[in-house]
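Visitor: Pasting a structure below so you can have a look.
Rule-based calculations on the coordinates, nothing more; no lab input. Nothing here was measured: the structure is a model prediction, and the numbers come from that model. No Cβ is skipped: glycine too gets one built from the backbone with ideal geometry, and neighbour counts run over all protein chains shown.
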Amino acid sequence: MSLCSVENQNPNNSSPLNWSNLWSKNKKALDHVVFSTIRRRSFYRKPPPAPQRPSSPPPPPPRSPRQPENPTIASPSPSIQQTLNNETLASDSPQYASHDFTSLLSDETLLQILSKGVSNSGSNSNSLVSKTWLNLNGRLVKSIRVFDWRFLTSGRMFFRFPNLIDVDLLHGSVVSSNHTKNWGLSLGREFGPFCVDSDVFLPHNFNLLPVSEVDLGLQSLSSAYPNLQRLVVANCSEIGLLNVAEGCATLQELVLHHCHDQVLRSIAAFKNLQILKLIGTVDGLYCSLVSDIGLTILAQGCKRLVKLELRGCEGSYDGIRAIGQCCQMLEELTFCDHRMDDGWLSGLSYCENLKTLRLVSCKKIDQSPGLDEHLGCCRMLERLHLERCQLRDKQSLRAVFLVCQSVREMVVKDCWGLKDGMFLNAGLCRRLKFLSLEGCSRLTTVGLESVVLSLKKLENLRVMSCKNIKEDEVSPALSALFYNLKNLKWTPDNRSLLSTNLLESGIGKRGGRFFKKLQI
């Protein structure tokens with residue numbers, strides 16, 4: 001037997017031609033082949049499969065390639081393994097996969113992007129991205145309504161929203177007596193034009209916070225927000241308002257609930273105050289006194305007022321005259337549920353630059369206005385709004401029209417007791433161009449026609465929900481006036497319009513045919 005045949009039969013023979021000698025001689029070449037093959041496989045690696053639905057079982061892990069029996073051939077050298085790990089890391093897990101590119105931008109740039117490129121509806125969801133975005137989103141908020149007073153006293157509000165210019169503390173200063181209401185925080189709209197709202201939404205059983213606690217909160221608020229422009233607060237004292245006036249020099253609008261004469265002593269400290277709303281008494285909620293003393297103090301201290309609203313306030317001719325003489329820039333005056341004494345209407349003639357007069361929810365206007373020659377006239381007045389008022393006294397309504405005879409716009413909405421004979425006095429307003437009547441149920445077509453035909457400058461007419469004004473009672477003269485108007489909105493009787501639309505649609509006829517077929 002030859003040596004070659006013996007070697008083939010016994011492969012474990014340690015002759016110079018066995019596999020161990022071949023491995024030791026060609027190690028460098030084999031390393032190069034293995035390295036090239038593994039690198040090529042990592043370069044052409046397939047992308048990971050798409051994620052499966054939760055209902056289906058997860059796919060089995062991929063099988064590892066079958067290893068040869070010889071362990072020396074299966075595992076490459078340490079140098080090849082290190083190179084392989086580096087190549088795989090560079091190809092499969094790049095650094096940009098987990099890097100936050102927004103961190104490269106400055107806070108000012110991010111604030112501009114979030115304020116212009118993101119809508120208001122997505123501002124709350126942006127704060128959930130990270131702590132940085134949470135802080136940036138808080139810096140964009142300008143207006144809030146506080147429902148929990150502890151949010152103010154703990155300082156969390158100052159840290160969370162550092163750039164506020166509009167703060168409403170009314171609901172935060174209310175403590176429910178049954179302790180069942182869960183107070184929270186409600187973000188308001190972006191700060192826009194000033195407006196004075198007459199609505200108050202409070203629980204039925206409640207108590208206001210003590211004056212001392214409200215003053216401490218106002219002191220912290222004034223030190224944290226020097227650029228504050230609007231503030232709504234209830235049951236504060238003179239000291240609390242002085243702290244706000246010293247710390248918030250740019251305050252322009254102030255709403256005081258549960259206000260009285262003594263609190264108004266500090267009102268002169270607000271140098272830039274332009275809009276003021278005083279709520280003295282609200283039936284069923286709270287009661288406080290604002291009299292001629294407070295109105296006189298207000299007039300002497302706030303000479304730059306543009307808008308003033310008095311709700312539940314007492315007073316007389318002297319207080320209104322002081323406001324008209326001192327507040328020369330006053331353009332809008334609102335009386336809501338007033339408790340004024342008789343004869344106060346004649347004090348309006350001192351408001352020389354008044355442009356808008358609003359009477360809202362007044363049970364009475366002025367039962368003894370006096371003689372017509374003593375009433376005077378607001379010559380610059382342009383708009384008169386009567387809403388939810390009881391117009392049962394003909395003499396007081398005539399006095400209102402005499403004082404406001406220069407108006408160009410008149411709105412009467414949901415007022416009780418307005419009859420034809422009382423509305424006839426509206427013809428005193430000869431310059432009237434816009435007339436709106438809504439919810440005047442006792443006014444008839446004859447009373448409307450007698451006034452409208454006397455207004456030679458009338459251009460716009462709006463009649464809605466006046467059930468005694470009938471379409472079939474319109475005369476040819478009134479129809480000709482309607483034809484010459486620039487703008488006309490005529491829906492006096494909703495019931496008649498509804499019945500007309502139903503008849504035109506043929507709903508009743510179709511139903512009748514259907515039931516006739518069933519009877520057959």
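Visitor: Which far-off residues, 5 or more places away or on another chain, put their amide H under 5 Å from the one on S368, with H placed in the peptide plane?
Guide: It is G343, by chain and number.
Visitor: Cβ neighbours within 10 Å, averaged per peptide: list 480-487, 207-214, 361-368 in order, most packed at the top.
Guide: On the way: 480-487: 11.2, 207-214: 15.5, 361-368: 17.0.
Ranked from most to least packed, the peptides come out as 361-368, 207-214, 480-487.
Visitor: Using the Karplus curve 6.51 cos²θ - 1.76 cosθ + 1.60 with θ = phi - 60°, what ³J(HN,Hα) values do you get for each residue of the stretch 285-294, in whole Hz, with x for Gly and Pro?
Guide: Karplus values, whole Hz, x for Gly and Pro: 10, 7, 9, 8, 10, 10, 10, 4, 5, x.
Visitor: Turning to a different aspect of this structure: Just to check I understand the Karplus step: with θ = phi - 60° and J = 6.51 cos²θ - 1.76 cosθ + 1.60, what whole-Hz values come out for the stretch 453-461, glycine and proline as x?
Guide: 5, 8, 8, 6, 9, 5, 10, 10, 9
Visitor: Could you compute the net charge surrounding R408? Neighbours are other residues with a C-beta less than 11 Å from the C-beta of R408; K and R count +1, D and E count -1. Intermediate results must be reported in sequence, preceding the final value.
Guide: Details: positive: K355, R383, R430, R431, K433, K457; negative: E382, E409, E459.
In short, +3.
Visitor: As a quick test, which of the pairs K277/K363; K413/K456; K364/K433; K303/K456; K419/K457; K413/K486 have an alpha carbon distance above 31 angstrom in this structure? It would help to have the intermediate numbers written out before the result.
Guide: Details: K277/K363 20 Å; K413/K456 23 Å; K364/K433 27 Å; K303/K456 38 Å; K419/K457 23 Å; K413/K486 22 Å.
Table pairs above 31 Å Cα-Cα are K303/K456.
Visitor: What order do you get for L285, L386 when you list them from fewest to most C-beta neighbours inside 10 Å?
Guide: On the way: L285 17, L386 23.
Least to most surrounded, the residues fall as L285, L386.
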